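Contents: one structure, followed by commentary.
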Amino acid sequence: MTKSTVLFLCTHNAGRSQMALGFFNSLVQGRATGYSGGSEPADRINPAAVAVMAEKGIDITAAQPKRWTEDMVEAADVVVTMGCGDTCPFIPGRRYEDWQLSDPAGQPVEAVRLIRDEIEDKVRCLLSELGIHTAH
């Protein structure tokens, strides 16, 4: 069986998609490949997202917001969109999931914590559906 590749997309690639990728990488520990990108990348990762992920023992401080590329989309088996609407790419033959999540931009840490927990649940569910056993 080949390794699954998942692409997490949101508008700014500074919060939701970075948290999703952080959980994904932590849980799969190399058994699958993940990428994240945005349609309008921010200058930096949302500090509240960094803080709430650190509470879970996941360090996303080295992540940099970046624009998604055609190569990322082409490589993905599953494309998870989070609020980028019509700016998200669509390629026939890919599995798409649209996760309806609040945007953490400008939100207090308490609100971002709730978004983080929702993202963790969704990532765990996706991995289960893909048959990828998680480390913890």
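Of (i) 2, 9, 14, 15, 13, 10, 9, 8, 6, 4, 3, 2, 2, 1, 1, 1, 0; (ii) 2, 11, 23, 25, 21, 12, 4, 1, 0; (iii) 2, 10, 21, 23, 18, 12, 8, 4, 2, 0, which is the value of P(r) over Cα pairs in 5 Å bins from 0, in percent derived from the coordinates here?
(ii)
Apply 1/(1 + (r/R0)^6) to the Cβ-Cβ distance of ALA51 and CYS125, taking R0 = 35 Å, and write down the FRET efficiency to the nearest 0.05.
Working from the Cβ atoms, E equals 0.90.
Given 0.36 nm per residue, what is the gain on full extension from ARG31 to ALA75 after removing their alpha carbon distance, in nm?
Gain in length upon complete extension: 14.3 nm.
What order do ASP77, ASP43 take when sorted by accessible area (1.4 Å probe), most exposed first?
Output order, biggest surface exposure first: ASP43, ASP77.
Rank ALA14, GLY38, SER26 by how far each Cα sits towards the positive end of the charge dipole of the chain (+1 on Lys, Arg Cβ; -1 on Asp, Glu Cβ) and give me just the farthest.
Of the candidates, SER26 comes out farthest on the positive side.
Return the calculated 222 nm mean residue ellipticity for the chain, to the nearest 500 deg cm²/dmol, obtained by summing -39500 (n - 2.57) across DSSP H runs with n ≥ 4 and dividing by the residue count.
-11000 deg cm²/dmol
Pick out which of PRO108, PRO65, PRO89 has the largest mean-square fluctuation in a Gaussian network model of the chain, springs linking Cα atoms closer than 10 Å.
For the chain, modelled as a Gaussian network with Cα springs under 10 Å, the answer is PRO108.
No other cysteine beta carbon under 4.7 Å away is the test; run it over the chain and list who passes.
CYS10, CYS125
Of GLU40, GLU120, GLU70, which has the largest mean-square fluctuation in a 10 Å C-alpha GNM of the chain?
Taking springs between Cα atoms under 10 Å, the residue moving most is GLU70.
Which helices, taking whole DSSP H runs in the chain, have alpha carbons extending 20 angstrom or more along the helix axis plus mean Kyte-Doolittle at least -0.5?
Sorted by number, the helices that extend far enough and score high enough are 109-129.
For the residue pair THR134 and ARG67, what label-to-label distance in nm results when each label sits 7 Å from Cα along the Cα-to-beta-carbon direction?
In this crude spin-label approximation the distance works out to 3.4 nm.
Taking a ≥ b ≥ c as the square roots of the Cα gyration tensor eigenvalues, with a/c under 1.5 meaning rounded and otherwise prolate when a/b beats b/c, else oblate, which class fits the range 86-136?
Verdict is oblate for the range 86-136.
Defining a contact as two alpha carbons under 8 Å apart and six or more residues distant in sequence, what relative contact order in percent does the range 17-107 show?
Value for the range 17-107: 27 percent.
The values are calculated or read from the model by the stated rules, or taken from the named source; none is laboratory data. If you're wondering where the values come from, they're calculated on a predicted model, not measured in any experiment. In this analysis, Cβ positions are derived from the backbone assuming ideal geometry, glycine residues included, and neighbour counts consider all displayed protein chains. Side chains included, ligands, DNA and RNA excluded: accessible areas come from the protein's heavy atoms. Shrake-Rupley method; radii C 1.70, N 1.55, O 1.52, S 1.80 Å.
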